[in-house]
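Below: one structure, written as structure tokens.
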Amino acid sequence: MDNILARIESLGYKLPEVPAPVAAYVNCVRSGNLLFLSGGLPIDGERKVIGQVPRDVSIEEAQEGARIIILNRLAVVKQEIGSLDKVKQIVALNGFVSSAPDFYGHPQVVNGASELLIEIFGDKGKHSRTALGAAALPLNVAVEINLVVEVE
């Protein structure tokens, strides 16, 4: 088993099946040693984090949604390169939070994703980041996240 996969399992998580794109795009495009991952949604089988933060979804629930997304994005990376041990650096993370105009805790929500990446990859998981609010997101999800990942 890969070291990173073992680390994920030791944290109490597992990678889901790679989600199929829901529109006219692909999950990942490779350019040189960079993987550009499309926005992932907080959906894992029947588990879905739906609605606006904090009206319908608590900050803690939205953070869990962000972790679900990271796991499904890492499943895409694994499918693309065969092993998560080939990840050299999580370069950038862009997080979008469905929220009311007077909610300003977007960074707190996106921390769910950022902190998990650092737990999994250590220094390789440290990344640049944007955390934005949105009036609405696809399928009424609470959070959407895309990544740029450097690989071997």
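Overview of results
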{"item": "Percent accessible area from carbon and sulfur atoms, the range 54-117, protein chains only, probe 1.4 Å", "result": "48"}
{"item": "Solvent-accessible area per residue for the range 1-134 (1.4 angstrom probe, square angstrom)", "result": "50"}
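The values are calculated or read from the model by the stated rules, or taken from the named source; none is laboratory data. Nothing here was measured: the structure is a model prediction, and the numbers come from that model. All accessible areas refer to the heavy atoms of the entire protein, side chains included, with ligands and DNA or RNA removed. Shrake-Rupley method; radii C 1.70, N 1.55, O 1.52, S 1.80 Å.
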